[in-house]
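Following: one structure in structure tokens, then a few remarks.
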Amino acid sequence: MSQRQDWRLFLPEPLRTLPADLAVVLAGVALTLVATLTPGLEGTPLRVIVGLPFVLFIPGYALIAALFPERGPPIDAPEDHDRMGGIDGIERVALSFGTSIAVVPLLGLVLNFTPWGIRLVPILVAVSGFTLVATAFAAARRSALPEEERLEVPYQRWFAAARDELFNPASGTDAMLNVVLVVSVVLATASVGYAVAVPKDGESFTELYLLTEDGDDELTADNYPEELVRGEPASLVLGVGNQEHRTVNYTVVTVLQRVEVSNNSTTVLESEQLRTFTPRLEHNETWHEPHEVRPTMTGKRLRLTYLLYEGAPPASPTVDNAYREVHLWVTVREE
């Protein structure tokens with residue numbers, strides 16, 4: 001008994017008899033889950049390398065394998081050859097890509113109407129679950145067929161043909177074309193690898209926004225306070241999102257201002273500094289800070305302003321010298 005047969009005996013019967021192409025599908029799902037969910041691998045090229053086939057090819061291949069478990073016609077078969085319901089390799093690959101591109105967005109659309117939403121883990125669970133179910137159906141349907149009708153991916157024949165073509169070309173022209181092909185594949189692979197490993201930075205920006213909490217402790221961009229009482233707290237949630245492609249030390253200064261608007265010009269007549277926040281955020285990190293403001297200035301149509309700075313703020317923070325600003329118009333009355 002061969003060494004390969006020995007270790008396969010330790011596997012459950014369904015895995016022992018699983019066709020090689022379907023075993024590769026399961027391995028691709030497992031590798032994607034490991035690369036995506038393992039801490040420390042986020043942002044690495046490995047996630048992109050395994051993630052693209054997981055989204056663009058593997059789900060569709062599993063579904064096509066379930067729909068067409070039969071062996072396709074030989075490459076040199078005439079057009080009127082009995083296909084036995086199967087499809088050839090080129091059709092199978094093309095349909096796998098097309099079906100994946102159709103299935104994955106549909107799964108995302110379904111997730112959008114669930115409490116989980118379109119997030120990383122729900123997407124992984126949905127696509128993996130779909131692929132595993134389709135693979136199980138494909139294995140069951142293929143095993144139900146007579147052996148001579150089952151799909152069998154001819155790996156050994158492909159490898160032998162490729163080896164003969166590369167190392168035993170029929171002519172000098174074929175040898176030169178083989179060298180050009182190998183160099184082209186190496187250059188294309190290196191280009192893709194470089195693009196993945198050293199991506200170009202996109203637009204750099206910082207998000208600054210205000211939210212409130214509803215009755216279910218959910219954050220919402222609605223129901224902002226319009227009337228405040230002097231000395232009494234009003235609850236808000238300050239949000240900052242770092243998309244600067246670097247770590248940034250922010251300072252947010254909260255001021256209440258009495259302003260005068262005339263001829264499209266705003267003049268600050270009086271300003272009261274309320275609070276200061278100093279979050280430090282990594283790239284692609286979002287920070288939410290529930291807090292309370294307690295105004296002491298009273299009046300109608302006062303401007304509650306949040307001024308964002310990178311690093312320390314100037315001695316006199318204003319809307320003009322802030323990197324970002326967000327404000328609310330409020331009325332503050334006496335008790």
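The values are calculated or read from the model by the stated rules, or taken from the named source; none is laboratory data. Quick caveat: nothing in here was measured; it's all calculated off a predicted structure. Neighbour counts run over all protein chains shown; Cβ positions are idealised from the backbone, glycine included. Accessible surface areas use protein heavy atoms only, side chains included; no ligands, DNA or RNA. Shrake-Rupley method; radii C 1.70, N 1.55, O 1.52, S 1.80 Å.
Numerical summary
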item: Which listed residue, of SER143, SER128, is in contact with a helix residue (DSSP H, G or I) (Cβ under 7 Å, 6 or more places away or on another chain) and either surrounded by 12 or more Cβ atoms within 10 Å (Cβ to Cβ) or closer than 12 Å to PRO59 by Cα (or both); result: SER128
item: Filter result for the condition that a residue is within 30 Å of the chain's Cα centre (by Cα) and farther than 17 Å from TYR209 by Cα, over HIS288, HIS245; result: HIS245
item: Residue satisfying condition, being modelled with pLDDT of 85 or more and of a type outside the set (Val, Ile, Thr), within set ARG141, ARG163; result: ARG141
item: Test: ARG71 is farther than 22 Å from SER128 by Cα, at pLDDT 65 or above and surrounded by 12 or more Cβ atoms within 10 Å (Cβ to Cβ); result: yes
item: Entirely in segment 236-333, the strands (runs of 3 or more DSSP E) that have 1 or more residues that are open to solvent by 80 Å² or more (accessible area, probe 1.4 Å) and either aliphatic (A, V, I, L, M) or modelled with pLDDT under 90 (or both); result: 248-262, 265-277
item: Pair list, Cβ under 7 Å, 6 or more apart: segment 270-296 residue of a type in the set (Val, Ile, Thr), other residue outside any strand (DSSP E or B) and open to solvent by 70 Å² or more (accessible area, probe 1.4 Å); result: THR296/ARG230
item: Residue in segment 2-23 that is modelled with pLDDT under 80, among the charged types (D, E, K, R) and under 30 Å from ARG246 (Cβ atoms) present; result: no
item: Residue in segment 166-214 that is modelled with the highest pLDDT, counting only those that are in contact with a helix residue (DSSP H, G or I) (Cβ under 8 Å, 6 or more places away or on another chain) and farther than 30 Å from LEU52 by Cα; result: PRO169
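Matching residues to (1) more than 30 Å from SER204 (Cβ to Cβ); (2) out of contact with any Pro (no Cβ under 7 Å at 6 or more places or on another chain); (3) among the charged types (D, E, K, R):
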| residue | (1), (2), (3) |
| --- | --- |
| ASP222 | no, yes, yes |
| LEU238 | no, yes, no |
| THR254 | no, yes, no |
| THR296 | yes, yes, no |
